[in-house]
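As structure tokens, the structure follows; a few thoughts come after it.
The values are calculated or read from the model by the stated rules, or taken from the named source; none is laboratory data. Just so it is clear, the structure is predicted and the values come from calculations on it, not from any experiment. FYI the Cβ positions are ideal-geometry reconstructions off the backbone, even for glycines, and counts take in every protein chain you see.
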């Protein structure tokens with residue numbers, strides 16, 4: 001049986017249909033948990049933040065006006081829950097290569113997995129070193145696959161600001177990755 005669209009679930013949940021609320025959570029739970037896990041850097045904090053997010057979603061159901069998609073609305077709530085949590089001066093655990101490797105997406109063949117994991121760890125490490133606003137914009141747009149408009153809605157900023165931040169982040173990442181790629185070559189050549 002095909003589940004109803006997210007807007008219909010929100011409307012039904014708003015009128016007290018707990019089954020619709022459960023289906024809404026099931027529809028978005030994994031994506032929100034993955035988003036918050038990347039931001040919070042560990043599973044325990046991500047689980048707590050995901051719980052807080054869906055509590056806030058439940059409290060905010062009466063105010064959902066439908067000006068954005070349900071997905072960007074929930075991601076916006078998750079983002080603000082995360083920002084509030086960070087403002088409370090939470091410290092995050094350092095992210096190990098193994099942790100990032102475990103977060104890498106499915107798909108590569110076994111012979112490509114190691115190469116892709118190394119590249120992914122390098123990119124993730126580089127993204128983590130970006131300024132907070134750039135890092136969070138990259139996470140929403142690229143890792144959570146939100147559109148430019150949904151990313152803007154989630155962060156409460158203009159679409160042009162999202163585009164600017166993404167361009168700035170990509171420029172910084174490209175410079176950093178090119179520098180890292182060239183550094184070992186220069187070191188090796190200097191040893192000859």
Subset tally (residues that are crowded, with 18+ Cβ neighbours inside 10 Å and under 25 Å from the mean Cα position of the chain (by Cα)) for the stretch 7-19:
2
In the stretch 39-61, how many residues are in contact with a helix residue (DSSP H, G or I) (Cβ under 6 Å, 6 or more places away or on another chain), in contact (Cβ under 8 Å) with a residue 40 or more places away in the chain and surrounded by fewer than 20 Cβ atoms within 10 Å (Cβ to Cβ)?
1
Go through the stretch 123-143 and report how many residues are buried (at least 17 other Cβ atoms within 10 Å of the Cβ) and modelled with pLDDT under 85.
1
Listed residues 104, 117, 152; which is at pLDDT below 85 and closer than 19 Å to residue 31 by Cα?
104
Is there a residue in the stretch 20-27 that is loosely packed, with under 14 Cβ neighbours inside 10 Å and in contact (Cβ under 8 Å) with a residue 24 or more places away in the chain?
no
For residue 36, indicate whether it is at pLDDT 85 or above, assigned to a helix (DSSP H, G or I), surrounded by 15 or more Cβ atoms within 10 Å (Cβ to Cβ) and under 21 Å from the mean Cα position of the chain (by Cα).
yes
